[in-house]
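Student: Here it is, the structure, as C-alpha cells.
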C-alpha cells in the first residue's frame, strides 16, 4: 500500500474506506456514487479513489436519504397504525352496538317472562279461590247445620209475622170502609 498524507484536502479514499468511514456496506457506497454521478479523483489499478469533498457529498446524500426515508417511513407507519386503530375502534363500536341490542332484547324477554309469571300466578289464585270457598262453605254448613235450620225457621217466622201484620191491616181497613158505607 502506498502512504497517504493525513488531514489534507488532497487525501483520497477508496470505496471500501468510505464504507468503513460511514458505517455502511460497499454496495451502498457504489449506489451512492452512481446516484451522485461522481467521477473518481484517481484510479490506482482497480481501486477508484475519491477526494474528501466527494466523501462529504456521499455522506450528506446518505444523511438526506436516511432522514427523508426515515421520516417518510415513520410517517407512513404512524398513519398506518392510526388507520389500524381507527378500524379496530370501529369494529369494537360495532360489537358494542350488537351487545347493546342483545341486552335490550334480553331485558324485553325478561320483562315479558315476568309479566307472564304474574298472570299465571293470578290465574292460579283465581282457580284455587272457588275451590277454597266451596270447601269453606261445606265446612261452614257442617259446623252450622243447626244454625242454618234455625235461620230458615226465623225467616219463616218473620214472613209469617209480616203476613199477620199485613192481614190485620187489611181487616182494619175493611172494617173502616164497611163502617163508612153503613153510616
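Only the coordinates and a few stated rules stand behind these numbers; no lab work does. Fair warning: this is a prediction, and the values are worked out from it, not measured in the lab. So basically every Cβ, Gly included, is an ideal-geometry build from the backbone, and we count neighbours across all protein chains shown.
Student: When a/c is below 1.5 the answer is rounded, else prolate if a/b is larger than b/c, else oblate, so apply that to segment 19-120 with a ≥ b ≥ c taken from the square roots of the Cα gyration tensor eigenvalues.
Tutor: Working: a/c = 9.20, a/b = 7.09, b/c = 1.30.
Cα axes put segment 19-120 in the prolate bin.
Student: Within 10 Å of each residue's Cβ, count the other Cβ atoms and sort 28, 16 from fewest upward. Write out the running numbers ahead of the final one.
Tutor: Details: 28 17, 16 11.
The order, fewest Cβ neighbours first, is 16, 28.
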